[in-house]
1. For the chain, with a Gaussian network of springs between Cα atoms less than 10 Å apart, report the residue from 76, 100, 47 with the top mean-square fluctuation.
2. Restricting to the chain, what percent of DSSP beta bridges are antiparallel, rounded to 5?
3. Around residue 102, which amide H atoms from residues at least 5 apart in sequence, or from another chain, sit under 5 Å from its own amide H, with H modelled in the peptide plane?
4. Scan [x] 60, 38, 26; [y] 50, 49, 30; [z] 71, 46, 26 for the value of Cα extents along the principal axes in Å calculated from this model and give just the label.
5. Do any of 19/149; 2/57; 27/79; 19/79; 4/149 go past 30 Å between their Cα atoms, and which?
6. What residues have an amide H closer than 5 Å to that of residue 80, excluding those fewer than 5 places away on the same chain, when H is modeled at 1.01 Å from N in the peptide plane?
7. Across the range 139-156, in residue order, what do the Karplus-derived ³J(HN,Hα) couplings come to in whole Hz, using 6.51 cos²θ - 1.76 cosθ + 1.60 with θ = phi - 60° and x for Gly and Pro?
8. Taking trypsin sites (Lys or Arg not before Pro) as candidate sites, keep only those in a DSSP loop with at most 13 other Cβ atoms within 10 Å, then name the longest stretch of the chain containing none of them.
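The numbers here are math on the coordinates, done by the rules we state, and not lab data. Keep in mind that this is a model prediction, so the values were computed, not measured. Glycine also receives a Cβ, built like all others from the backbone with ideal geometry; neighbour counts cover every protein chain displayed.
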Amino acid sequence: MKIKQLHSLLKLAEQVCLKQNSRLTQKRREVLTLLLHADKALSAYELMDLFKVHFNKVLLTMTAYRTLEFLESVQLAHKLNIANKYIACAHIGCGVAHELPHFLICQQCLRVDELSNELPNNLSDITNKVEQTGYQLFSPQIELNCICKTCLSAEN
């Protein structure tokens, strides 16, 4: 990711936080920067290792998880439940609700792509169907296990 693009996304992230009466602190900014630079989903422990390498500082386990929870709560990051890893939101500052995010997850390289928020699925319809079946929706996101083109090419 180019520096100009990164600065632009971080500026948008600050605006997202301000709209929600929150702050993008230095540590939150640094963690988000690592997520934005990553070419795959990262666990909290992988983030802690990268934090040490890139910022020459220690990111404590509890701080890592709290920071990731914050970034999730303001929709700047997403937790992938299948892999128990995190990615930066691909739609920072887009102004569209992240009601039902869709993720394509490569099972070989763990690359993740977030699909556009303009997909036709309606969260209220899905929630109603879930409740009619006797369940309560816990995590409204769709995670699709895939193999990316790069990994497919490597196999052939």
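1. 100
2. Of those bridges, close to 60 percent are antiparallel.
3. 115, 142
4. [y]
5. Result: 19/149 exceed 30 Å.
6. So residue 80 has HN proximity to 85, 86, 87.
7. Values per residue, Gly and Pro as x: 10, x, 8, 10, 10, 9, 6, 9, 10, 6, 4, 4, 5, 5, 5, 5, 6, 8 Hz.
8. It runs 58-156.
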